[in-house]
Amino acid sequence: MPQPPKLEIFMDGACPFCQAVRARVEPFDTRHRLVFADYNDPAVAARAPFPRERLDQEMHVHAADGSWHVGYAGWIAVLRELPRLAWLGFLLRLWPIRLAGPAAYRWLARHRYRLPGFPPVCEKTAPPPQPIAR
């Protein structure tokens, strides 16, 4: 049987926050559809059509069909691949949630190092990345 398509999630493998998120997501990946790629590796970074600064600011997900899902859309793509959380990915695509979702994502991304239960900012990225220009 052919291997199912996977999502490649570009992450900072040296960042404690990124590691914590990965640790929370992986147990839900029972179909092994997610691949976490550390963009600190030059070969991995070369596969992304985005500069390092942009990769540091938002989640970037590369789908098997070649499409890219960034930020809020990246989380929707990931959640829809997780059997026990696919309902949440579906819900996040519905109006009016999808209207408020990107702004909520950007707020969470800016404040991610202050969220309870997550590690503080990593040494190499201190201070936290600046807000994403839209």
(request) Report ³J(HN,Hα) in whole Hz for each residue of segment 76-90, in order, from the Karplus equation J = 6.51 cos²θ - 1.76 cosθ + 1.60 where θ = phi - 60°; Gly and Pro get x. (result) 4, 4, 5, 4, 5, 8, 9, x, 7, 10, 4, 4, 5, x, 5
(request) Answer rounded, prolate or oblate for segment 7-125, using the Cα gyration tensor with square roots of eigenvalues a ≥ b ≥ c: rounded when a/c is under 1.5, else prolate when a/b is larger than b/c, else oblate. (result) rounded
(request) Pull up all non-local amide H partners of Phe36: gap of 5 or more, or a different chain, and H-to-H distance under 5 Å with H placed in the peptide plane. (result) Ile9
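Each value in this text was obtained by applying a stated rule to the coordinates, not by laboratory testing. Since we're looking at a predicted model, the values are computed, not measured.
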